[in-house]
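The next block holds one structure in the form of structure tokens; read it before the comments.
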Amino acid sequence: MNISTALPTFVITLREGFEAALIVGIVFACLQKAQKQEYYRWIYSGVTAGIIASVSVGLLLWQSLQGIETSEYYYAPFIKQILKTLFALVAVSMLSWMLLWMSKQAKSLKGEVEGAVNIALTNNNASKGVFLLVFIAVLREGFETVLFITAQFQSDFISPTIGAIAGLLLAVLMGWALFYWGVKINIRLFFQIMGVFLLLIVAGLVISALKNLDGGIMILSQINPNYQNICLFDQDSCLLGMKVWNASNFLPDNEFPGILLKTLFGYRDQIYLLQLVCYFLFLGIVGNLYFSSLNPKNE
């Protein structure tokens, strides 16, 4: 197993999975308090359906990329690069939004979930309400994870998948320890630490998105002379500008420790100007919003 590709998905599923585990645990507690244990089976059904739906989406995205890769269509290589770019951008948007949302909503999460459960129990079809609440929570976290894996890893799915499963199992164990065994877990500190890692991982995904976009434009300019003017630069990149960093000789990003820095912090042994600017721009904007949301004065 390649630990460098398993580690990012482990971090993401640990954080996202624990968030889902918190919601599921709160639902269990609410039903137990209301003495509605007969709805427990709808929680299990919601979790199972959410996981199956997430995996199905991941397989669909992966099969789409594989189908394009084996296609003989003239523009297939270009389309694949653009799809990878879109997957990466959607993953960046969703993970960034969830990072900021959770940092602001962590304190009110329990009250919101309890309110949703109480509303569901007052309806005639309470089982459906409980099922949908859990299903959506699991599907949301699962979709973000499979989208990240699809956007970041196309050639090796085994290691990222193992990392995702390990993170999910640990998240479930932490949720079980918190609600069933009464183990004290500093939830706020956990999300703060995981948030920093997630911020850096997503910043690295921004670099990958730009690389895929540049690769797609370059392929398009090569297969169709009518699009040669799309390239703004005559060097080895179309859109990224001049190369500002080249450490491929002493710290390559496909060998340890470079590959570990790549997967966790967005390191690349070759960086172009636009990638560098967008990397720090993302960290500056999203990072500032994230750390500002952690300030008690802003709550």
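For the range 30-54, a residue qualifies if it is more than 17 Å from residue 180 (Cα to Cα), under 27 Å from the mean Cα position of the chain (by Cα) and loosely packed, with under 15 Cβ neighbours inside 10 Å, and the qualifying residues are 48, 52.
Could you tell me whether any residue of the range 79-88 is in a helix (DSSP H, G or I), under 30 Å from residue 188 (Cα atoms), touching a residue at least 12 places away in the same chain (Cβ under 8 Å) and not aromatic (Phe, Trp, Tyr)? Yes, because at least one residue in the range 79-88 is in a helix (DSSP H, G or I), under 30 Å from residue 188 (Cα atoms), touching a residue at least 12 places away in the same chain (Cβ under 8 Å) and not aromatic (Phe, Trp, Tyr).
Just wondering, is there one or more residues in the range 209-221 that are in a loop (DSSP other than H, G, I, E, B), farther than 22 Å from residue 97 by Cβ and among the polar types (S, T, N, Q)?
From the range 209-221, those in a loop (DSSP other than H, G, I, E, B) are none; that's our starting set.
Scanning the range 209-221 turns up no residue that is in a loop (DSSP other than H, G, I, E, B), farther than 22 Å from residue 97 by Cβ and among the polar types (S, T, N, Q).
Selection of the range 85-118 for residues being among the aromatic types (Phe, Trp, Tyr) and surrounded by 17 or more Cβ atoms within 10 Å (Cβ to Cβ) yields only 87.
Return yes when residue 111 is assigned to a helix (DSSP H, G or I), over 30 Å from residue 206 (Cβ atoms), among the small types (Gly, Ala, Ser) and modelled with pLDDT under 85 and no when it is not. Yes: the conditions hold for residue 111. Just so you know, in the range 250-277 the residues that are assigned to a helix (DSSP H, G or I), crowded, with 17+ Cβ neighbours inside 10 Å and not aliphatic (A, V, I, L, M) include one that is farthest from the chain's Cα centre (by Cα), and it is 258.
Scanning the range 243-267 for residues that are modelled with pLDDT of 85 or more and under 21 Å from residue 85 (Cβ atoms) returns a single hit, 243. Among the conditions (1) touching a Lys or Arg at 6+ places or on another chain (Cβ under 8 Å); (2) buried (at least 20 other Cβ atoms within 10 Å of the Cβ); (3) under 28 Å from residue 40 (Cβ atoms), residue 121 misses just one, which is (2). Every test in (1) surrounded by 13 or more Cβ atoms within 10 Å (Cβ to Cβ); (2) in contact (Cβ under 8 Å) with a residue 40 or more places away in the chain is passed by residue 64 save one, and that test is (2).
From the list 96, 108, the one residue that fits, being free of Cβ contacts under 8 Å to residues at least 60 places away in the same chain and within 26 Å of residue 293 (Cβ to Cβ), is 108.
Look at the range 164-191: where a residue is in a helix (DSSP H, G or I) and of a type in the set (Phe, Trp, Tyr) and a partner is at pLDDT 85 or above and surrounded by fewer than 17 Cβ atoms within 10 Å (Cβ to Cβ), sitting 6+ places away or on another chain with Cβ atoms under 8 Å, you get 179/29. Pairing each residue of the range 230-244 that is touching a residue at least 12 places away in the same chain (Cβ under 8 Å) and within 17 Å of residue 212 (Cβ to Cβ) with any residue that is among the acidic types (Asp, Glu) and not in a loop (DSSP other than H, G, I, E, B), provided the two are 6+ apart or on different chains, yields C-beta distances under 6 Å for 237/214; 238/214; 239/214; 240/214. The condition (being surrounded by 15 or more Cβ atoms within 10 Å (Cβ to Cβ), modelled with pLDDT of 85 or more and not in a loop (DSSP other than H, G, I, E, B)) is satisfied by just one residue among 205, 147: 205.
The values are calculated or read from the model by the stated rules, or taken from the named source; none is laboratory data. Given the structure is predicted, the values throughout are model-derived calculations rather than measurements. Here the Cβ is made from the backbone with ideal geometry for all residues, glycine too, and neighbour counts use every protein chain on show.
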